[in-house]
1. Looking only at segment 104-124, which residues are modelled with pLDDT under 95 and among the hydroxyl-bearing types (Ser, Thr, Tyr)?
2. Cβ contacts < 6 Å: first residue small (Gly, Ala, Ser), restricted to segment 59-82; second residue assigned to a helix (DSSP H, G or I), any location; separation 6+ or different chain. Result?
3. Is one or more of the residues making up segment 7-30 more than 22 Å from LYS149 (Cα to Cα) and either at pLDDT 55 or above or of a type in the set (A, V, I, L, M) (or both)?
4. Does segment 122-136 hold any residues that are surrounded by 18 or more Cβ atoms within 10 Å (Cβ to Cβ) and touching a helix residue (DSSP H, G or I) at 6+ places or on another chain (Cβ under 7 Å), and which are they?
5. Do we find that ASN127 is at pLDDT 90 or above and on the phi > 0 side of the Ramachandran plot in this structure?
Amino acid sequence: MDNNESKSHDGLKRRDMLKVLGAVPAAALLPAAAAAAEMPMPKPGAPSVAEPAATAYEPKTLSAHEYKTVVVLSDIIIPADERSGSATQAGVPEFIDDWLSAGGGSQLDSVRGGITWLDLESNRTHNHDFIDASESEKKQLLDRIAYPKTAAPEDAAGVVFFNQIRNLVLSGFYSSKMGIEDLPYLGNKMLSEWNGCPPNVLAKLGVEYADAKK
């Protein structure tokens, strides 16, 4: 594998990526990926919540090349936008490496296998590893595996991996301080009074309070 430094981080729109979070029946697509599909995702608020590292982070579990690939993928899935910073700015790659170091086993093997798949496909089509691909080359490859309903059967392994890494990135980002502010999350705050859900929210949901019917 070519372990050159990645020269650019690509950015599919964050909101576009959040629209395609449908689950993939991994066991049906690829028996070898069944363990990855059943992998428990980190829960928001877990002790290993993502936060930016104060100093240069040294991966605990992933190799240098694997970690660089996770960094690139993290910022493709959640790039910086007008609302907040990117996944790497929220400490998501560190979160993923730390979580994999605790989980290990088939979970780690699945991530490593997915990165290998990306590199093999990138080398097959463009003669270099994924992290060394251009923005358009990365997008071309990820477009094949980011949308399960339209993915080709031969890309099943990539589909399973991308769903796995996307879930990890989103779990890490939206359990970080930056991600919570991005939502924006309004919980855990003392209220002097509660006047119910705003009328526009009730209208959007198509519901109303019982008292409003009287």
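The values are calculated or read from the model by the stated rules, or taken from the named source; none is laboratory data. What you are looking at is a predicted structure, and each value in this text was computed from that prediction instead of being measured. Please note: Cβ atoms are built from the backbone with ideal geometry, for glycine as well, and neighbour counts cover all protein chains shown.
1. The answer is SER106, SER110.
2. As it stands, the answer is SER74/THR88; SER74/VAL92; SER74/PRO93; SER74/VAL169, since those pairs meet every condition given.
3. no
4. Listed by number, the residues that qualify are SER122, ASP129, PHE130, ILE131, ALA133.
5. In short, yes.
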